[in-house]
Amino acid sequence: MKRDRKSEILAAAERLLDAGGPHAVSMRGVAAALGISVGNLTYHFPQKKDLLEAVMRARHERCRALPPPSTVPGLDGFFRSLLARRGQIPPACETPDQARDLMLLAAEHIAELLHGALEAFAAEGLLRQSPELPAVEQALLALLMLGRAEEVFGAPPDAEKTRRCAWGVLSLLLTEKGRAELDHVL
């Protein structure tokens, strides 16, 4: 059976990223984790930025295949997961353009899942239809990507406060049924 070296490299890089953040991912570290030479690794991914971008794209494609969260606990888990990983990739980027491209990819991915979740909430009677819905979606996306205003201006990130703030924004459009389910989560 032929080995898929490229997939093995991506999996190893993702494990290192998850275990230690972006600074834990190095070309030598990935090669060592697989027992291959750095030259073999650079045949598939010439630079670290190429490898990190491929990891992000692979995550994006896997997540696109998943259904969006459709329950309050599911969306809360989505919020927690995003906030726990917020800021992982841009510090590892070597250029502002690479950081921007990866952030745009992440924003697209998060926006798709968030939109699907809100559609599911509306279908379940948890969310009322409102002309403000697109603005609420954009506010949630900004909170999940950038954090609360004080975090943007230098305060230390606080995932729990940001999560509660996101629910505060979304609660503006929740129905009574949606608020009752949210009370069980918070």
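Annotations for the structure displayed:
- If the condition is being out of contact with any helix residue (DSSP H, G or I) (no Cβ under 9 Å at 6 or more places or on another chain) and either modelled with pLDDT of 95 or more or assigned to a helix (DSSP H, G or I) (or both), then segment 151-174 contributes ARG164, GLY168.
- All positions within segment 125-154 that are surrounded by fewer than 18 Cβ atoms within 10 Å (Cβ to Cβ), in contact with a Lys or Arg (Cβ under 8 Å, 6 or more places away or on another chain) and more than 29 Å from ARG57 (Cα to Cα): GLY125
- One residue alone among ALA111, ALA117 is in contact (Cβ under 8 Å) with a residue 24 or more places away in the chain and surrounded by 17 or more Cβ atoms within 10 Å (Cβ to Cβ), and that residue is ALA117.
- Failed condition for ALA111, given (1) under 30 Å from GLU61 (Cβ atoms); (2) not in a helix (DSSP H, G or I): (2)
- Where a residue in segment 141-157 is assigned by TED's automatic domain parsing to the domain that holds GLU112 and of a type in the set (Gly, Ala, Ser) and its partner, wherever it lies, is assigned to a helix (DSSP H, G or I) and modelled with pLDDT of 90 or more, with Cβ under 6 Å and at least six apart: GLY147/THR162
- ILE89 falls short on exactly one of the conditions (1) of a type in the set (Val, Ile, Thr); (2) at pLDDT 85 or above; (3) surrounded by 16 or more Cβ atoms within 10 Å (Cβ to Cβ), and that condition is (2).
- Tabulated pairs, segment 75-87, first closer than 10 Å to MET145 by Cα, second surrounded by 15 or more Cβ atoms within 10 Å (Cβ to Cβ), C-beta under 6 angstrom, 6+ apart or interchain: LEU82/LEU144; LEU83/ALA159; LEU83/THR162; LEU83/ARG163
The values are calculated or read from the model by the stated rules, or taken from the named source; none is laboratory data. The model shown is predicted, which means the values in this text are computed figures rather than measured ones. No Cβ is skipped: glycine too gets one built from the backbone with ideal geometry, and neighbour counts run over all protein chains shown.
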